[in-house]
Each structure stands twice: as structure tokens, then as C-alpha cells.
1. Within the stretch 45-65, does at least one residue satisfy the condition of being under 25 Å from residue 293 (Cβ atoms), more than 16 Å from ligand 2 (Cβ to nearest atom), in a strand (DSSP E or B) and touching a helix residue (DSSP H, G or I) at 6+ places or on another chain (Cβ under 7 Å)?
2. Does residue 281 satisfy the condition of being under 22 Å from residue 338 (Cα atoms) and away from ligand 1 (no atom under 16 Å from the Cβ)?
3. Restricting to the stretch 149-186, give me the number of residues that are touching a helix residue (DSSP H, G or I) at 6+ places or on another chain (Cβ under 8 Å) and in a loop (DSSP other than H, G, I, E, B).
4. Would you be able to tell me the number of residues in the stretch 28-66 that are more than 15 Å from residue 138 (Cβ to Cβ) and over 21 Å from the mean Cα position of the chain (by Cα)?
5. Being away from ligand 2 (no atom under 13 Å from the Cβ), in contact with a strand residue (DSSP E or B) (Cβ under 7 Å, 6 or more places away or on another chain) and closer than 30 Å to residue 181 by Cβ is the filter here, so list the residues in the stretch 300-333 that pass it.
6. For the stretch 319-343, give me the residue count where each residue is buried (at least 24 other Cβ atoms within 10 Å of the Cβ) and within 30 Å of residue 186 (Cα to Cα).
Ligand code: OKP
Ligand code: ZN
């Protein structure tokens with residue numbers, strides 16, 4: 001059985017120019033080549049079969065994201081490059097205390113819904129983000145049709161986007177959208193676990209499920225004391241209200257290698273087993289690899305195989321969703337090493 005991999009060429013429409021001032025990068029590395037490279041590596045590996053996503057509709061996105069943020073993402077994409085607007089739109093003023101004052105100006109709404117300076121909106125951003133979410137939904141559909149694993153080549157990534165904020169290269173939270181779809185497609189809302197192994201903490205996903213005991217969130221990532229997203233990801237963040245005890249963070253030091261990573265991963269695997277989920281969503285970021293330009297861990301190719309086998313051994317139907325991973329010479333091999341344990 002070949003592993004179903006879902007891919008849409010629509011991601012290429014989100015291709016902002018690199019934006020930097022001297023050596024300060026605002027937008028870089030999150031480029032269309034990433035997905036094309038992974039896809040061609042998987043296609044030639046012989047262990048995967050590529051599928052294109054169906055359109056599951058905007059209603060699936062609206063189960064996670066506020067209507068006003070969706071409207072802004074669409075309007076900003078339409079405005080980019082038109083009527084005196086720049087090709088790449090950024091907020092100019094952030095009402096960080098979330099004033100109730102309404103202002104329908106696009107630049108005002110950008111500030112209202114954006115949490116970072118690294119996420120330009122170009123004319124293709126909405127369609128790319130829309131199809132990135134549909135890609136995750138199509139892969140989820142494969143699990144519902146009893147695949148044991150499916151891999152969504154979603155781009156742009158999603159785990160930094162919350163229900164009403166975008167940032168960190170992320171516009172729509174693909175994992176959260178897929179989680180809600182899987183939950184609602186089952187007879188009773190079933191338990192889901194999300195394991196986020198991207199180098200960065202998935203603040204958006206954490207926030208979406210923070211009060212929700214039915215979706216466990218476990219994340220291994222660089223210590224936010226010294227890395228993006230800086231304000232979220234400490235081990236004290238355990239969930240709130242009914243969701244207390246269903247959020248787990250493993251902040252790890254820069255330089256973390258295979259053995260140290262596997263120790264934390266085994267702890268996360270035990271937590272997941274206890275939650276007894278019907279589906280497991282893995283937010284997969286190859287930016288944990290050694291020498292990733294935006295990372296700082298040192299996971300080797302063999303490490304990716306070991307990570308894959310810990311997760312495969314859980315024997316839970318697994319939806320793999322692409323997040324980060326920026327070392328263009330390594331992301332293909334890292335994905336294949338990871339997947340080999342599932343064949
Ligand atoms: C997205 B994902 C570069 C600024 C980039 C955001 C990093 C987002 C990573 N100096 N800041 O989790 O891989
Ligand atoms: Zn990342």
C-alpha cells in the first residue's frame with residue numbers, strides 16, 4: 001500500500017518576494033520550492049501516491065476561524081497590487097489591546113488580525129491558504145476512508161494561526177481545520193491528538209484547543225525564551241477550564257540532537273497513548289534538522305527515522321501535515337526517512 005500524499009499546485013500563488021533590511025529578514029525561506037522539492041522526492045521514492053484535493057468548501061474553514069478574519073484575508077488578497085496598494089500588504093498599526101473601535105480600512109483590519117511582521121499578503125495568498133486547508137482536509141478524508149496514514153503537503157503552513165490571528169508564515173490553521181473535520185465526521189465527537197514536531201511552538205493550534213479537552217495538543221519545540229514565537233510554549237501552559245491537563249509543551253534547548261529529542265518524544269507518546277485518540281495529527285516540520293536556516297536543533301537523517309518509528313508504533317491512524325522545514329537540500333530526505341517507518 002502506497003502512502004497517500006495530497007498536493008495542490010495552488011500553493012505557488014503565495015510567493016512573496018524575500019523582504020529584508022540589511023541582515024534582518026522579515027520574510028524569507030518559506031518559498032514554493034519547498035513543496036515542489038518534497039513532492040518530487042516522494043514521487044521518486046516509490047512509497048507514495050500523489051492525490052489532488054477536492055473542494056470541501058469554506059464552511060470547514062469557518063468552523064475554526066472567525067468570519068471577519070476570513071473576510072480580511074480575502075479582501076487583502078484582492079487589494080494587493082491594486083488601487084495604489086502595494087504588491088505585498090502588511091499591517092501598519094497593531095491595536096495590541098484589541099480596541100473595540102471598528103475601522104473597515106484594509107490596513108486597519110490587517111493590524112487587527114495579524115500577530116507578526118513576517119506574513120505578507122499578496123494577491124495569491126488567500127487562494128493558496130484556502131487550498132492548503134483543502135489539502136489537509138483531503139488527507140483527513142483518506143483517514144476516514146481507512147488509510148492508516150496520509151500526508152498533506154500543505155503550504156502556506158498553519159500552526160501559528162489562531163482562530164482570529166495570522167502570523168509566522170501561517171494564515172489558516174490547517175491542522176485545526178482537519179481536526180474539526182475528523183471529529184465531526186465521526187458519530188460522536190471523538191478524541192483527537194495533535195503532536196507538533198515543528199521546530200517552533202504552534203501557538204495558534206495551542207490557543208484554538210486550549211479550553212477543549214477533546215483535542216490533546218503536544219508540542220516539542222525550541223524554548224520560547226530564546227526562539228520564535230517567544231510568548232507561548234512554556235511547559236507551564238497546561239490548558240484551561242475543561243481543557244486543563246490536555247495541553248503539553250516540551251521546550252528544548254538549541255542544539256538538541258537525536259537522543260535528547262527522542263527522550264522528550266517518548267514522553268509525548270506516552271501522554272498521547274493515555275488520551276486514547278481515534279486520530280493522530282502530526283504537524284511535521286523538517287526545520288528540526290541539523291543546519292536548517294530557521295532552526296537550531298541537530299536532528300540527523302537517522303533521527304527522522306527514529307521519530308517516525310516512535311509515532312508509527314502508536315498504531316493510531318495518522319494525518320501528517322506539512323508545517324516548516326527550510327533546508328532545501330534536506331527536506332525531501334527527511335520526509336522520506338520519517339515515512340519509511342509507516343510503510
Ligand atoms: C514558521 B514555522 C525570520 C522571521 C521569521 C517566524 C518564523 C516562523 C516559522 N527572521 N519568523 O513554524 O516553521
Ligand atoms: Zn517551524
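The values are calculated or read from the model by the stated rules, or taken from the named source; none is laboratory data. These numbers come from a predicted model, not from an experiment. Cβ sites come from the backbone with ideal geometry, for glycine too, and all protein chains shown count toward neighbours.
1. no
2. no
3. Qualifying residue count, the stretch 149-186: 15.
4. Selection size over the stretch 28-66: 5.
5. 311, 314, 316, 317, 318, 319, 320
6. 8
Residue-by-condition table, conditions (1) within 16 Å of ligand 1 (Cβ to nearest atom); (2) in contact with a helix residue (DSSP H, G or I) (Cβ under 7 Å, 6 or more places away or on another chain); (3) in a loop (DSSP other than H, G, I, E, B):
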| residue | (1), (2), (3) |
| --- | --- |
| 101 | no, no, yes |
| 118 | yes, no, yes |
| 127 | no, yes, no |
| 136 | yes, yes, no |
| 146 | no, no, yes |
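Per-residue answers, yes or no, for (1) over 23 Å from residue 154 (Cβ atoms); (2) surrounded by 17 or more Cβ atoms within 10 Å (Cβ to Cβ); (3) within 16 Å of ligand 1 (Cβ to nearest atom):
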| position | (1), (2), (3) |
| --- | --- |
| 42 | no, yes, no |
| 61 | no, yes, no |
| 79 | yes, yes, no |
| 83 | yes, no, no |
